[in-house]
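K.L.:
Input: one structure, supplied below.
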Amino acid sequence: MKLTQLQESFFRRSGYILLKNQLPPDLTSPAKKTASSTDWTKPAKFKDGKPIKVYGIYQRMIGAFNRIILSDAVLDPLEALLGPNIEFLLNRHNSLTFNNKGEIPERLHRDVLQWTRNILTVMVYLDDASVQNGCTRIIPTSHLFPFVGTPNNGGTWMDG
């Protein structure tokens, strides 16, 4: 799906764009099954023996996730925003996060101090995302906030 001019403008102003039901079930179902049935190993963060964040999804060469990232449903909107030369960074946001209500503290975070680089994060929700079930929330225009917080591995936590 190509983005409309209105969607592109919204993204540049607000710092995000939500594309609901963008991915067909033949892409999301295998990824959801893999996420829930894999016995994850490090590098990962665990709580009570269950994974809450698994790093290096792309390097683990898990086909279900790579098919999503390389799909036209992901690449077409990215091309509209970045141009045709899309490069995947393996050191940033190359992870699978299990957000369950109450398991991850609610904190404000921004990944870069200044929004100057042509880097975008694609978040794919494999379940219906809502505040009630612990989704990641986006604050529109937060990329324009002045510097807040202490840098931590390229980002800032804005509650300190």
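K.L.:
Test of understanding: among Leu19, Leu27, Leu3, Leu23, which residue is among the aliphatic types (A, V, I, L, M) and either farther than 23 Å from Tyr58 by Cα or free of Cβ contacts under 8 Å to residues at least 40 places away in the same chain (or both)?
P.N.:
Going through Leu19, Leu27, Leu3, Leu23 in turn, the sole match is Leu3.
K.L.:
Is it fair to say Leu81 is of a type in the set (A, V, I, L, M, F, W, C) and over 13 Å from Val124 (Cα atoms)?
P.N.:
Yes, satisfied.
K.L.:
For the range 42-78, what are the residues that are of a type outside the set (A, V, I, L, M, F, W, C), closer than 19 Å to Tyr125 by Cβ and under 15 Å from the mean Cα position of the chain (by Cα)?
P.N.:
Lys53, Tyr55, Tyr58, Asn66, Pro77
K.L.:
Tell me which of these Ile68 doesn't satisfy, since it passes every other one: (1) without any contact (Cβ under 8 Å) to a residue 24 or more places away in the chain; (2) under 25 Å from Gln7 (Cβ atoms).
P.N.:
Exception for Ile68: condition (1).
K.L.:
Taking the conditions exactly as written (modelled with pLDDT under 90 and exposed (fewer than 10 other Cβ atoms within 10 Å of the Cβ)), does Asn100 satisfy them or not?
P.N.:
No: the conditions fail for Asn100.
K.L.:
Here's a follow-up. Look through the range 19-41, keep the residues that are exposed (fewer than 13 other Cβ atoms within 10 Å of the Cβ) and under 17 Å from the mean Cα position of the chain (by Cα), and return whichever of them is farthest from Leu120 (Cα to Cα).
P.N.:
Asn21
K.L.:
Still on this structure: Could you tell me whether the range 60-82 includes any residue that is surrounded by 14 or more Cβ atoms within 10 Å (Cβ to Cβ) and at pLDDT below 85?
P.N.:
yes
The values are calculated or read from the model by the stated rules, or taken from the named source; none is laboratory data. Every value quoted in this text rests on a predicted model; they were computed, and no experiment measured them. Don't worry about glycine lacking a Cβ; one is built from the backbone with ideal geometry, like all the others, and counts go over all protein chains shown.
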